[in-house]
Amino acid sequence: MTFPAGIEALAIAGPTASGKSALALLLAERLPIEIISVDSALVYRGLDIGTAKPSLDERAHVPHHLIDIRDPRQPYSAAEFAHDARLLIPQIRARQRLPVLVGGTMLYFKALRDGLDPLPPADAAIRAQIDQQARARGWPALHAELARIDPATAARLPPGDSQRIQRALEVWQLTGRPLSDWFTARPAPASSSHHGHGGIAGHNAPRIALFALEPQDRAWLHQRIAARLDAMLAQGFLAEVRALRARGDLGADLPALRAVGYRQAWQALDSAGDASLTPAQLAALRDQATAATRQLAKRQLTWLRGMTDRTVLPICQDTQLTELADELARHLPSAGLNTR
């Protein structure tokens with residue numbers, strides 16, 4: 001394991017349920033760190049069980065940032081994340097601690113690494129038109145249309161991801177440019193450019209050692225996904241979603257409630273009229289949420305493989321997390337990171 005000189009922070013990226021948060025907490029037992037969440041669902045208050053949000057005890061033991069900073073009605077963008085993370089990193093370093101970015105929202109990592117061109121704002125009339133087409137033809141048909149005009153974006157979206165398909169088609173109609181064109185990397189200014197194994201370069205980007213926790217056994221990851229979903233259901237996930245529905249000011253179209261698991265639970269409670277789910281309905285919800293989570297993990301791994309400057313942390317069993325934390329802790333101080 002090698003590190004570039006002069007890095008300012010560490011990043012632990014990976015697919016959902018791969019152990020990123022557990023690895024970061026183990027690292028916190030070995031080094032003085034503060035965690036910056038890189039997760040588009042953890043920013044929302046009230047979305048706790050279904051996001052596997054770190055507990056209050058864990059957050060009391062290790063400072064966490066960018067968690068519970070928005071009401072579910074308030075969207076939070078990748079550009080906002082990049083801005084907030086760039087402010088947090090030097091603040092954490094000034095406290096003589098190591099900033100560790102942890103999460104699986106790959107667009108957030110990209111925004112921090114490369115910057116993002118400003119996307120056009122939403123257009124209600126165009127969205128209504130796309131929704132009307134979806135009701136008439138179905139989202140898979142619109143996904144096929146997207147594949148013709150923007151194959152790169154269509155390739156990373158499942159045919160049922162209505163929110164992102166709609167946005168991609170909207171951007172195309174507004175600008176005549178595929179959404180994928182807007183996410184091309186910007187060249188870094190010479191003064192901030194940093195290249196090398198594990199390093200990242202980007203538009204005003206801090207110098208970050210990027211590590212990818214990548215399962216080597218798909219069955220192991222799938223088992224962890226299923227076990228985590230069962231644990232969430234046992235902890236009261238459906239009651240949490242019912243509480244969100246009971247507010248009366250939230251809808252399934254909000255980005256917060258399109259998060260994996262919440263989307264499927266919301267739809268299941270819609271179908272049940274908010275009554276208790278039958279065993280068959282609960283089994284269907286479990287199957288749908290598991291499949292959606294597996295799809296998410298596959299997309300996250302695709303993003304990671306495109307980050308060719310990452311350092312891969314291979315994993316195929318839970319016990320390896322302790323070994324990886326030990327290895328990271330041994331190497332970081334000698335890399336010139338100010339960890340004390």
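The values are calculated or read from the model by the stated rules, or taken from the named source; none is laboratory data. Model, not experiment: these values are computed from the prediction. Neighbour counts are summed over all protein chains in view; Cβ atoms, including those assigned to glycine, are modelled from backbone coordinates with ideal geometry.
Identify the residue in segment 40-55 that is within 23 Å of C316 (Cα to Cα) and touching a residue at least 60 places away in the same chain (Cβ under 8 Å) and, among all such residues, is surrounded by the most Cβ atoms within 10 Å (Cβ to Cβ).
Among those residues, the one meeting the criterion is T51.
Do any residues in segment 277-289 that are touching a residue at least 60 places away in the same chain (Cβ under 8 Å) have Cβ atoms under 6 Å from those of residues that are charged (D, E, K, R), where the two are at least six apart or on different chains, and which pairs are they?
Matching pairs, first to second residue: none at all.
Anything in segment 132-163 that is within 20 Å of M106 (Cα to Cα) and touching a Pro at 6+ places or on another chain (Cβ under 9 Å)? List them, or say none.
Narrowing segment 132-163 to residues within 20 Å of M106 (Cα to Cα): 150-163.
Once the filter is applied, which keeps residues that are within 20 Å of M106 (Cα to Cα) and touching a Pro at 6+ places or on another chain (Cβ under 9 Å), segment 132-163 yields D150, P151, A152, T153, P159, G160, Q163.
Checking Q132 against (1) closer than 23 Å to A85 by Cβ; (2) of a type in the set (S, T, N, Q); (3) more than 22 Å from the chain's Cα centre (by Cα), which test does it fail?
With (1) closer than 23 Å to A85 by Cβ; (2) of a type in the set (S, T, N, Q); (3) more than 22 Å from the chain's Cα centre (by Cα) applied to Q132, the lone miss is (1).
Tally the residues that are under 17 Å from I89 (Cβ atoms) and among the polar types (S, T, N, Q), restricting the search to segment 23-68.
1
How many residues are within 21 Å of L328 (Cβ to Cβ) and surrounded by 20 or more Cβ atoms within 10 Å (Cβ to Cβ) when one looks only at segment 208-243? Reasoning before the result, please.
Filtering segment 208-243 for residues within 21 Å of L328 (Cβ to Cβ) gives 208-216, 220-221, 224.
Narrowing further to those that are surrounded by 20 or more Cβ atoms within 10 Å (Cβ to Cβ): 208-215, 221.
Of the residues in segment 208-243, 9 are within 21 Å of L328 (Cβ to Cβ) and surrounded by 20 or more Cβ atoms within 10 Å (Cβ to Cβ).
Of the conditions (1) within 20 Å of the chain's Cα centre (by Cα); (2) within 20 Å of A17 (Cα to Cα), L233 satisfies every one except a single condition; which number is it?
(1)
Can you tell which of G104, G50, G19 is among the small types (G, A, S), at positive phi and either over 17 Å from the mean Cα position of the chain (by Cα) or at pLDDT 95 or above (or both)? Can you show your working first?
Numbers: G104 fails: at positive phi; G50 fails: at positive phi.
Result: G19 is the single residue among G104, G50, G19 that is among the small types (G, A, S), at positive phi and either over 17 Å from the mean Cα position of the chain (by Cα) or at pLDDT 95 or above (or both).
Return yes when L119 is more than 18 Å from the chain's Cα centre (by Cα) and either among the β-branched types (V, I, T) or surrounded by 22 or more Cβ atoms within 10 Å (Cβ to Cβ) (or both) and no when it is not. Spell out how you get there, then give the answer.
Details: more than 18 Å from the chain's Cα centre (by Cα): yes; either among the β-branched types (V, I, T) or surrounded by 22 or more Cβ atoms within 10 Å (Cβ to Cβ) (or both): no.
When the stated conditions are applied, L119 does not pass them.
I need every pair where a residue in segment 210-237 that is assigned by TED's automatic domain parsing to the domain that holds T105 and in contact (Cβ under 8 Å) with a residue 24 or more places away in the chain has its Cβ under 6 Å from the Cβ of a residue that is of a type in the set (G, A, S) and assigned to a strand (DSSP E or B), sequence separation at least 6 or different chains.
L210/A11; A212/A13
Could you tell me how many of the residues in segment 304-326 are assigned to a helix (DSSP H, G or I) and surrounded by 19 or more Cβ atoms within 10 Å (Cβ to Cβ)? Walk me through it before giving the result.
Here is the first cut: in segment 304-326, the residues assigned to a helix (DSSP H, G or I) are 304-306, 320-326.
From what's left, surrounded by 19 or more Cβ atoms within 10 Å (Cβ to Cβ): 304, 321, 324-325.
Final tally of qualifying residues: 4.
Please work out if G50 is of a type in the set (G, A, S) and more than 26 Å from T293 (Cα to Cα). First the steps, then the outcome.
Working: of a type in the set (G, A, S): yes; more than 26 Å from T293 (Cα to Cα): no.
When the stated conditions are applied, G50 does not pass them.
Taking the stated definitions as given, is S21 assigned to a helix (DSSP H, G or I) and within 24 Å of T319 (Cα to Cα)? Walk me through how you get there before you give the answer.
Details: assigned to a helix (DSSP H, G or I): yes; within 24 Å of T319 (Cα to Cα): yes.
Yes, satisfied.
Looking at (1) without any contact (Cβ under 8 Å) to a residue 12 or more places away in the chain; (2) part of a strand (DSSP E or B); (3) among the hydrophobic types (A, V, I, L, M, F, W, C), which is the one condition that is false for A60?
(2)
For segment 64-172, list the helices (runs of 4 or more DSSP H) that sit wholly inside it and hold at least 3 residues that are touching a helix residue (DSSP H, G or I) at 6+ places or on another chain (Cβ under 9 Å) and closer than 28 Å to D249 by Cβ; which are they?
Hits in segment 64-172: 78-94, 124-137.
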